[in-house]
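These notes are about the structure you will find just below.
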Amino acid sequence: MKPAPEISGIEYDTSLPVIDIEQLEMLVLVDEDDEDSHALVRELYDLFNRESSGKLNGLASACQAGDASAVRKIIHFVAGSAGNLGLSRLCAFYRGIEKAIDLGTISDLNLLIGPAVEEFELACKAFTESFLPSS
C-alpha cells in the first residue's frame, strides 16, 4: 500500500488506514449474505465516485488559477463524502488540505493536484476491492 501523502503545510494523521471497514459496516449494516445491503453499498459508492470525480475534474484548473476558495469547496465536498464511506485516510488528508487553506500554510496549490487525485484513486480502489465483488 502506498504511504500517505505528505505535503509541507498540511497536517493530518498519516497513520490512518485507507479504509475504515467498521465505519461503513455501521453505516449500512453490511451482511455478507444480504443482496440488499450489497446493492446499497454499490449505490452509495457509485454516487460518491460519480459526484466526487466530477468535482475533482475541476481541481487542476482551480489550483493552477490559484483559486483557494474553489479548491477548498472541491476538497470539502469530497472529504465529507469520503468520511461517510469510511475512507478515513482520504477524508483526513482532504480535511488537512482544508485547514491548510484556511490557515494559509500551503504555499503552492499546484502541489495538491497529484497527491489529491492519487489518494482519491487509491481510496476508490481499496473500497471496490473490499466491498464490491466482481460482477
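Quick look at the values:
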{"read-out": "Within the stretch 70-135: Cβ-based charge dipole about Cα centre, in debye rounded to nearest 20 (Lys, Arg +1; Asp, Glu -1)", "value": "180 debye"}
{"read-out": "Relative contact order (percent, whole number), the chain, Cα cutoff 8 Å, 6+ residue spacing", "value": "38 percent"}
{"read-out": "Extension gain from residue 14 to residue 36, taking 0.36 nm per residue of separation minus the Cα-Cα distance", "value": "4.5 nm"}
{"read-out": "Top positive-direction residue, dipole computed over the chain with Cβ charges, set 83, 64, 16", "value": "64"}
{"read-out": "Summed residue charge, Cβ within 14 Å of residue 92's Cβ, Lys/Arg positive, Asp/Glu negative", "value": "-3"}
{"read-out": "Length released on extending from residue 69 to residue 50, taking residue separation times 0.36 nm less the Cα-Cα span", "value": "4.6 nm"}
{"read-out": "Cβ-defined net charge surrounding residue 2, 9 Å radius [Lys, Arg +1; Asp, Glu -1]", "value": "-2"}
{"read-out": "Residue among 84, 110, 57 with the largest mean-square fluctuation in a Gaussian network model of the chain, springs linking Cα atoms under 10 Å", "value": "57"}
{"read-out": "Net lengthening on full extension, residue 125/residue 43 (0.36 nm per residue, minus Cα-Cα)", "value": "27.9 nm"}
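Just so you know, all these numbers are worked out from the coordinates, no wet-lab data involved. Source: prediction; values computed, not measured. Every residue, glycine among them, receives a Cβ derived from its backbone with ideal geometry; neighbour counts consider all protein chains shown.
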